[in-house]
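A.B. asks: Have a look at the structure that comes next, please.
Derivation of every value follows stated rules applied to the coordinates shown; laboratory data play no part. Predicted model only: the values in this text are computed from it and were never measured. Ideal geometry is used to build each Cβ from the backbone, glycine not excepted, and the neighbour counts take in all protein chains shown.
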Amino acid sequence: MKTWRLLAVLLLGSAQLCAASGFVRVNNSHFTRDGKPYYFIGANFWQGMNLGSKGPGGNRALLVRELLRLKAMGVTNLRIMAASEGPDTEPWRMVPALQKKPGSYNKELFDGLDYFISELGQLGMTAVVTLNNFWPWSGGMAQYVSWRGGGQIPYPPPAEGGDWGTYQKYAAQFYSNKEAVNDYRDFVKTLIKRKNPYTKRFYRDEPAIMAWELANEPRGIMKAADFNAWIANTAAFIKSLDKNHLVTTGSEGDTPYPDAGMDFAKNHSIPGIDYSTIHIWATNWNWYDPLKKEETYPVALEKMKDYLKSHVEKAAAFGKPVVLEEFGIGRDAGSYDAKSGVSVRDEYYTAVFEAAYESAKSGSPLAGAAFWAWAGESRPPRPGQPWKAGDPWLGDPPHEFQGWYSVYDGDTTTVKVITEYAAKFSALTPPEENK
């Protein structure tokens, strides 16, 4: 028996190590696994593939420790990146990248993903596997466009003079660039048909995977028709390769920005999409200013509740589960110092989880909530600065100021909030189950 598994038995009890082994299904707007209701508190842990690598940036012992911590907290679902596109010379990227150029893969990173999925399965956990990215911190759609005739990527901040609007219009060219979409499809096919040497199963047959997610925060940006066609065609393509797993979009929902080109109901009513997703960002969407807490926090709280409620109601109307798969807030007074306070975060996490819990308990289609993001025992060497190759992997992507939204193992009060609501969610059953 591996050393880590001995530790796991002591920490969790052998019965908890692999408490579930089947595929997650949708039944009457709710999730089930092994015939039982499946509700969860999840975490964004996008960096797991890189941590699992035996190459640069890898640390398998640390990966296992983090998984054990999360499992002990009751976090049963992780949202992960399973795709990154090169070249590794580009700024503010996950490096090394899994796909160096179309069809050329980093074997150590693929092996890192294999190992990561295997360890999740050993713990009875599930993963939402993200296959692309609208934002450039993993290469994503912009890199596919650049590979196929798009020219130089107009990077947004932290690039000097970078502009988010210009970048988004560039990335949205992906949906109508046939060569770029074909490159992406080739990757998806390669992954789904891949055999994991640790589990001896093809990815299409892997119960540790809950769902394939088309991309992280895809937006329509002036190409809504192309965007919806891409969602429909890609979902159908995945379903043609894999009959076992759920498929979802990775969408933020109807963001406060009309020019984002989003339509929550239309994007998720597509037949190949099994459940809907939303993200809520109080600071990024200018609802909350950490330097003006007294004035802005109450407003942000109400907007969060309204956003959640309106999307749950829309999901109920089109009859599919909904997952709040991203939300977060920074440390007190906007600090990036890991030793700074988290009283606002604890208050906000409690409010978000409670709103989600009450909604789920009432019988709504809300099935899970995942915070952004878990960093565990890692700490930023330069708090408040972008990530550089060789730095520890945090919950903050490479282009973001490190220490912004990361939750550390030392944030004991936040961990307590997460643990409390993980227990509440795991005990939920749909109303008809209680009769």
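A.B. asks: Between residue 426 and residue 232, with labels modelled 7 Å along Cα→Cβ, what's the label distance in nm to one decimal, could you check?
C.D. replies: Placing both labels 7 Å along Cα→Cβ, they lie 4.2 nm apart.
A.B. asks: Roughly what would the spin-label model give for residue 385 and residue 198, points 7 Å off Cα along C-beta, in nm?
C.D. replies: A separation of 3.2 nm, rounded to one decimal place.
A.B. asks: If you build the convex hull over the alpha carbons only and average its shadow over all orientations, what do you get for the chain? Give it in nm² to one decimal.
C.D. replies: If I average the Cα hull's projected area over directions, I get 19.0 nm².
A.B. asks: Quick one: P(r) of the range 72-140 from all Cα-Cα pairs, 5 Å bins, percents rounded to integers, in order of increasing distance.
C.D. replies: Histogramming the range 72-140 at 5 Å steps yields 4, 16, 24, 22, 15, 11, 6, 2 percent.
A.B. asks: Using Cα positions and a limit of under 28 Å, work out the lysines in reach of residue 416, with same-chain residues fewer than 8 apart set aside.
C.D. replies: Within reach: 36, 71, 292, 293, 303, 305, 309, 339, 361, 424.
A.B. asks: Work out from phi, with θ = phi - 60° and the Karplus expression 6.51 cos²θ - 1.76 cosθ + 1.60, the ³J(HN,Hα) of each residue of the range 218-225, listed in order in whole Hz, and give x for Gly and Pro.
C.D. replies: x, 10, x, 5, 6, 9, 4, 5
A.B. asks: Next question, about the same structure. Suppose we flag GluC sites (Glu not before Pro) only when DSSP calls them loop and at most 12 other Cβ atoms lie within 10 Å. Which is the longest uninterrupted stretch of the chain?
C.D. replies: With a cap of 12 other Cβ atoms within 10 Å, the longest stretch comes to 161-376.
A.B. asks: Using the beta-carbon distance between residue 291 and residue 358 and R0 = 30 Å, what value does 1/(1 + (r/R0)^6) give for FRET efficiency, to the nearest 0.05?
C.D. replies: 0.45
A.B. asks: State the extension gain, in nm to one decimal, for the chain segment bounded by residue 305 and residue 62, taking 0.36 nm per residue of separation less the distance between their alpha-carbons.
C.D. replies: Using 0.36 nm per residue and subtracting the Cα-Cα distance, I get 83.9 nm.
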